[in-house]
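Structure first, commentary second.
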Amino acid sequence: MSEYSIIGKPTTNVDGAAKVSGEAVYTFDMTLPNMLYGKLLRSPHPHARIISIDTSEAEKLPGVKAVITGKDTPGGRYGLWRRFPELCDQEVLATTKVRFIGDPVAAVAAVSEAIAENALDFINVEYELLPAVFEPLDAIKDDAPLVHDDCDNNINNTRHIEWGDVDEGFKNSDYIREDRFIYSSQHPSPTEVHNSLASYDKGNGRLTVWSSTQSPYYLQLGLADGLKMREGDIRVIKPHVGGGFGGKNSTMPDSVNAAVLSMKTGRPVKIVFNREEEFTCTEHRTAMHLAVKIGLKKDGTIMAKEFKLITDGGAYTALGATTLYLTGTYATFPYKIPSYRYDGVRTYTNKMWATSVRNFGGTEAIYASETQLDRAAHDLGIDPIEIRRKNAMTPGYEAPGQYNVGSCGLLPSIDKVEERIKEKWTDLSKDEGVGFTLFAYMCGGIFNWIDTPYAFSGAMVKVNIDGTVDLFTQGSDIGQGTNTVNVMICAEELGIGIEDIRLHPADTATTPVDLGAWASRETMMNGNAVKDAASNVKKKLIEVARMKLGENIVYDLEVKDKRIFLALRPERGFSYYDIVKDAIKLNDGEPILGVGHYTPHRKGMVSPAWSFGSMAIRVKVDRETGLVEVKDVIVAHDCGQPINPLGVRGQVEGSVHLGLGWGLCEDLPTDNGLILNPSFADYKIFRTRDMPQIELHEVPTYEPGGPFGAKESAEGAVAPTSPAIANAIYNVTGATFDSNVLKPEKVLKAIREKEGKEN
Amino acid sequence: MKNIIFDFEYLAPKTLEEALTLLSQYDEEECKVIAGGQSLLILMRQRLITPEYLIDIKGISDLDYIKFDEKEGLKIGALTTHRAIEKSPVIQKEFSVLSEMEQNLSNVETRNWGTIGGDIAHADPCGDPAVVLIALNAKIKMTGSSGERTVDAEDFTLDYFETALHHDELLTEIQVPTLPPNTGVKFTKFSQIVGDLGLASVAMLITLDENKETCSDVRIALGGVAIAPMRAKKAEDMLKGKKISDALLAEAGQVASEETSPTTDVQASEEYRRDLIKVLVKRVGNEALARAKKA
Amino acid sequence: MKKELKFVVNGNPYDIWVEPNTLLVQVLRDELGLRGTHRACDSGTCCACTVNLDGMAVKSCSILALQANGREILTIEGMANGAELHPIQQAFIDNWAFQCGFCTSGQIMASNALLKENPNPTREEVQLQMDGHLCRCTGYNMINEAIRDAAGRLQAQKSQEKTK
């Protein structure tokens, strides 16, 4: 690997000046001339038939310009699993029945937000209440109310994954244990609420939508399906986004309703959710019941694993079906499991639907796996770090017929964390304990349930006469730093500087498709597309340089530090800027264009590459109150070649923060479908005083399939936190937990139960 | 986001007299007083409180003061901000428990604008200042068109968001008596998130006799475990006149927890809140005792 | 019935008329077009909307616009000196102290007030004063480092000015 000029060097955010000066424009900040404000009327009932809706009073109010209900919408159905039309189960507004508290039934557009909000009180809806079902184990029963009338037993989706002979594996095991867990939901809670601004062009019938989205393309598809329009007549632009964390992949009611209202009024319409709507009516993590059975030899070698789960999908499909698939996959990570069987069921319930959230499918499975593994280690008398080392994946590992692992720094990461625990945590008090867990995460998914005919990511590079570059790509920066990574990759590939590149991101009209920011795919997939596009430009520049040098075709040329030169004789070359001028002249005056794309091929069925790591958490348990303080965290992390170390560290820190919250204090208790804590006052999120410092070690590897050897960074680090905390508490008190969110009351109860058993 | 979408008349009196005159002009149902508004505005944005007349007293500078005198004790004007109390050198020296409590109250932004009078008048059963003031044996002065009166802090908060204030009165001053010699005071609230609203809280004042052996006076105030901040009088009786030990404090904690009437809500169960009181009384008592010994 | 609001924002005097039910953040964003101050919650618990009022960090969503009468407001738009970023802003960039950036304006304004009051804060002192700020992206530690880095830069700037 030659020394890079830009890759691997700490690089500040290309959007930095805009973000620190309040000039970065989010959808939240946008207005257009003649704009109207929209609000949604939502069902107060979890399950009801709509008998009638009377909007006449609302329509009469001064300042109200339109009131729509389901019958005023084009009637298209949409969803993210477009390969299976029956799973495209969402409508712009409920037409026949409402399926969760918050399901929108009407929308208002008015000259001010206050008038629009007030007008909702004047819409009269007559409902016929229906029995509702809230718990997946109830939803699958034969006598359960049906959330979707055509879906038997409320079974939305199933998944089976299998390899090896599991029954044989258990027969050959010396030790078998079965555990059940409940994983409860959390909310992504991005700081920018869901909001969209739609503008309909009365002249050509085209629609432009600005939205706080993770995937302009997915939104474009959803709008096209819901509004029964051609995709190409819809332009989705993603401005800066104030966080997504998985909850902004779907087409949500703000975008589709703003669009319909704009089409009806002929004026731009903006819909902004308030924070209560954000908590109650936007996507959250899928809660689930998990049953895990593992068989090991007495030396700790894993022989077989059986994993069953039933998930609480909520009222619609969205990406929840993907969660089912990924959870079943992550239950095997990051270990070599010779035989495995998984059966998952996703049910409909009368609640806001559940979907992807940061560490999509991994957090749930890894909570169960890592907690169980510690218990097994304890029973077998094996050190928890040792049992993991023994079974850890290694480079090139293949789960038969399922996924391939390319580069893998798991073993060195275990060594590193173990070494640091021994050096650093020598002074544990009797109330302190350590939990050690492993993690792994995908670099985007190979599956195509969205049913796109496009390459999974595309990019275009245009080089101008003065050597400046315009880079067009739909990759979505939602805070993770994709814009900066893309510019860095393009600069490195062309041998130029970051200051030479202007990025045009995330506009479906001007950029080739990228599937969006989910399952940590941007660096791998979008990065590869950007590199591909830049390399096609590089080829053209090299050809011109070679011609000028008059050199034999076998001699390689390189680009670096704004020069194009003979690799073996670097002094023989030209300035990049001069070659650009020549290339344009030789191309009939056209700017130099390079187009690139990336779709993973021959990489198994799940993901083209995986990041890995180890984590240790030191906690202090207050045995009288059950309060668990997180004192210190050590992480060793393999993301291949880190593109931007600053960004990588940022991702690790953010992931740990989310993971700690999801392990200790964030939950969404409901009562008959009503979320009980829909505000930051009641939904508890770690603040700065709760966060420990995080010691991070990179374990660089090289992923040949990744741009400059890079893989995704740190989304994996969300998952190990909850089980590490549970394992640490177990090590201190012996108390075990069958669920996450270890609030003090729950911990105290478990400690007392354990003490009670001992007495 | 939620804004205040109903209209109201805004009145901004410059003096206490003006404010009292306005108060007496409007009915209780139609008007509301705003000081810092850190609690009130949220409720107005949620349309839970919808006054037709809003009387903004934040501009009455005469009510913003901190005065201390060895004999008279501490007098805090109702419109003194939490931040001023937190940072006041005289309070840090003489009544450190107050500035410690303020340091963990909400966040700096709230404390810079919110007032102690506004907080106590709002009467949130979890409200920290009220709990500490009860332990400090404070008095609350109220002024109305018919004159002034004071009540003990423990008699000021009556119920959820309900106080002893008559409609035509304003809370104008908080009076904290000088601490007797050999007195220590400590406040702790329990929350999972540091500095968050407490699930339960305890403030204890312990005065020791001149030999620093036995407890001559004790006040135990509890927050978040009843309809209003309360005193745990039975627990106090157990400690008065005795030599305070760990075991005694644990017993007192048990008794105090039995005096409470907490509720179960989405954050915690009533049993757990009682458990917390047991633990907190013990821990806070030990710290107050240590302070009393040092005093 | 609208009432008169006379105040100074980022050094500019304004004399406007607003409905009493207008929040300070609405005046800043909607009337004055200063959209750098963001809003992220409806419960006064996130501090994204923090501005400086007479030098104090306050939540602009939790103050009525009319209560700012006669006061001086500083928003994120007032931090840079022309085209030159404020040392706090530059420190945030150099320390990767933001990711999505939506809470950043509030963080910077709070830091501004913090560093004026306490020019050389420890890690714990920064944590204590920044505790109201909700960030979903960074985990807070890199923000803490940026603020202390900014403290150093401001001290250096002060010494330079002294020696001039």
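The values are calculated or read from the model by the stated rules, or taken from the named source; none is laboratory data. Quick caveat: nothing in here was measured; it's all calculated off a predicted structure. Neighbour counts run over all protein chains shown; Cβ positions are idealised from the backbone, glycine included. Quick note on the areas: whole protein, heavy atoms, side chains included, nothing else; ligands and nucleic acids left out. Shrake-Rupley method; radii C 1.70, N 1.55, O 1.52, S 1.80 Å.
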Accessible area per residue, 1.4 Å probe, Å², for chain B: what's the number?
39 Å²
Give me the dipole magnitude in Debye, nearest 20, for the stretch B:230-295 about the Cα centre, with unit charges on the beta carbon: positive for Lys and Arg, negative for Asp and Glu.
540 debye
Taking only C-alpha pairs under 8 Å that are 6+ residues apart, what is the relative contact order of the stretch C:87-163 in percent?
49 percent
Just to confirm, what accessible area per residue do you get for the stretch A:285-340 at 1.4 Å probe, in whole Å²?
17 Å²
A 1.4 Å probe over the protein heavy atoms gives the stretch C:3-78 a carbon and sulfur accessible-area percentage of 45 percent
Given a 1.4 angstrom probe, I'd like the percentage of the accessible area of chain A that is carbon and sulfur, rounded to a whole number.
50 percent
Using only the Cα atoms of the stretch C:24-164, what are the Rg and Dmax in Å?
14.7, 48
Can you compute the helix-only [θ] at 222 nm over chain B? Use -39500 (n - 2.57) per DSSP H run of at least 4 residues, normalise by all residues, nearest 500 deg cm²/dmol.
-10000 deg cm²/dmol
Where does helix C:141-163 land angle-wise versus the long Cα axis of chain C, in degrees 0 to 90, nearest 10?
80 degrees
For A:Ile310, what is the net charge nearby, where nearby means another residue's Cβ is under 13 Å from its Cβ and Lys, Arg count +1, Asp, Glu -1?
0
Ratio for the stretch B:183-294, C-alpha Rg to 2.2 N^0.38 Å, reads 1.02
Please identify the GluC sites (Glu not before Pro) of the stretch B:38-79 that satisfy two criteria: DSSP loop assignment and at most 12 other Cβ atoms within 10 Å. Which are they?
B:Glu70, B:Glu72
Area accessible to solvent at B:Arg47, 1.4 Å probe radius, in Å²:
100 Å²
Run the helix sum for chain C: -39,500 (n - 2.57) per DSSP H stretch of 4+ residues, divided by residue count, reported at 222 nm to the nearest 500 deg cm²/dmol.
-10000 deg cm²/dmol
With respect to the cross-link table entries A:Lys416/A:Lys749; B:Lys71/B:Lys212; A:Lys228/A:Lys264; B:Lys242/B:Lys278; B:Lys294/C:Lys116, which display a Cα-Cα separation exceeding 25 Å?
A:Lys416/A:Lys749; B:Lys294/C:Lys116
To two decimal places, what compactness ratio does the stretch C:3-78 give when its Cα radius of gyration is scaled by 2.2 N^0.38 Å?
0.97
Can you give the FRET efficiency for B:Ala290 and A:Asp142, using 1/(1 + (r/R0)^6), R0 = 60 Å, r = Cβ-Cβ distance, to the nearest 0.05?
0.40
Could you tell me how many cubic angstrom of Cα convex hull volume the stretch B:65-128 has per residue?
82 Å³
Under a straight-distance cross-link criterion of Cα-Cα below 17 Å, which lysines are reachable from A:Lys238, leaving out those fewer than 8 residues away in the same chain?
A:Lys19, A:Lys248, A:Lys270
Looking at chain B, do any whole DSSP H helices span at least 30 angstrom along their long axis by alpha carbon and average -1.0 or above on Kyte-Doolittle, and which?
B:270-294
Would you tally the net charge around A:Ser212, using a Cβ to Cβ cut-off of less than 9 Å, leaving A:Ser212 out, and scoring K and R as +1, D and E as -1?
0
Percent accessible area from carbon and sulfur atoms, the stretch B:61-176, protein chains only, probe 1.4 Å
45 percent
Taking a 1.4 Å probe, which of A:Phe574, A:Phe360 shows the most accessible area, and what order do the others take after it?
A:Phe574, A:Phe360
For the stretch B:9-56, what does the convex hull of the Cα positions come to per residue, in cubic angstrom?
66 Å³
Obtain the radius of gyration and the Kirkwood radius of the stretch B:135-193 from its C-alpha atoms and give Rg over Rh.
1.08
When the accessible area of each residue in the stretch C:74-100 is compared between its chain alone and the complete protein assembly (1.4 Å probe; ligands, DNA and RNA ignored), which residues differ by at least 10 Å², being lower in the assembly?
C:Ile76, C:Glu77, C:Leu85, C:Gln89, C:Ile93, C:Asp94, C:Trp96, C:Phe98, C:Gln99, C:Cys100
Plugging the Cβ-Cβ distance of A:Asn124 and A:Thr96 into 1/(1 + (r/R0)^6) at R0 = 25 Å yields, to the nearest 0.05, a FRET efficiency of 0.90
Simple SL model, points at 7 angstrom along Cα→Cβ for B:Lys233 and B:Arg47; separation in nm is 4.4 nm
Using a basic spin-label model with each label point 7 Å from the Cα along Cα→Cβ, how many nm lie between A:Tyr555 and B:Val151?
9.6 nm
Separation of the A:Glu398 and A:Glu231 label points, Cα + 7 Å toward Cβ, nm:
3.2 nm
Taking both sides together, what accessible area is buried at the B/C interface, probe 1.4 Å, expressed in Å² and rounded to the nearest 100?
2800 Å²
Name the residues of the stretch C:126-155 whose accessible area falls by at least 50 Å² when all protein chains are present instead of the chain alone, probe 1.4 Å?
C:Gln127, C:Leu128, C:Gln129, C:Asp131, C:Leu134, C:Arg136, C:Tyr140, C:Asn141, C:Met142
Chain C: angle of helix C:104-117 to the longest principal axis, Cα-based, in degrees nearest 10
70 degrees
Hull surface divided by four, with the convex hull built on the Cα atoms of the protein assembly as shown: how many nm²?
50.9 nm²
Links exceeding 27 Å between C-alpha atoms in this model, out of A:Lys9/A:Lys538; A:Lys390/A:Lys743; B:Lys32/B:Lys75; A:Lys422/A:Lys746; A:Lys539/A:Lys585; B:Lys93/B:Lys141, come to A:Lys390/A:Lys743; A:Lys422/A:Lys746
Charges only on Cβ, +1 for Lys and Arg, -1 for Asp and Glu: so what's the dipole of the stretch C:87-163 about the Cα centre, in debye to the nearest 20?
140 debye
Need the full-extension length gain, A:Asp451 to A:Ile176, defined as separation in residues times 0.36 nm minus the C-alpha distance. One decimal, nm.
94.9 nm
State log₁₀ I(q)/I(0) for the stretch B:117-224 at q = 0.10, 0.16, 0.17, 0.22 Å⁻¹ as given by the Debye formula over alpha-carbon point scatterers of equal weight, solvent excluded.
-0.33, -0.75, -0.82, -1.12
Just the Cα atoms of the stretch C:87-163: what Rg and Dmax do they give in Å?
12.0, 42
Kindly identify residues of the stretch A:614-634 having a loss of at least 10 Å² in accessible area between the isolated chain and the assembly of all protein chains, probe radius 1.4 Å.
A:Asp622, A:Glu624, A:Thr625, A:Leu627
Sorted list, accessible surface of protein heavy atoms, 1.4 Å probe, largest first, for A:Met605, B:Met204, C:Met1 is C:Met1, A:Met605, B:Met204
Dipole magnitude of the protein assembly as shown about its Cα centre, charges +1 at Lys/Arg Cβ and -1 at Asp/Glu Cβ only, in debye to the nearest 20?
2500 debye
Protein accessible surface hidden between C and A, which excludes ligands and nucleic acids, total in Å², probe 1.4 Å:
4100 Å²
Using helices alone, what [θ] at 222 nm do you get for chain A, with -39,500 (n - 2.57) per DSSP H run of 4 or more residues, divided over all residues and rounded to the nearest 500?
-8500 deg cm²/dmol
With only alpha-carbon pairs counted, each pair once and no self-pairs, how large is the Kirkwood hydrodynamic radius of the stretch B:61-176 in angstroms?
14.0 Å
In square angstrom and rounded to 100, what buried accessible area do you get between chains A and B, total over both, with the probe at 1.4 Å?
2500 Å²
Solvent-accessible area per residue, Å², over the stretch C:87-163 with all protein chains present [probe radius 1.4 Å]
32 Å²
Cα centroid separation, the stretch A:395-446 to the stretch B:256-274 (Å)
41 Å
Restricting the count to DSSP beta bridges whose residues both fall in chain B, what percent are antiparallel, rounded to a multiple of 5?
85 percent
A:Val25 to C:Gln157: FRET efficiency via 1/(1 + (r/R0)^6), r the Cβ-Cβ distance, R0 41 Å, to the nearest 0.05?
0.85
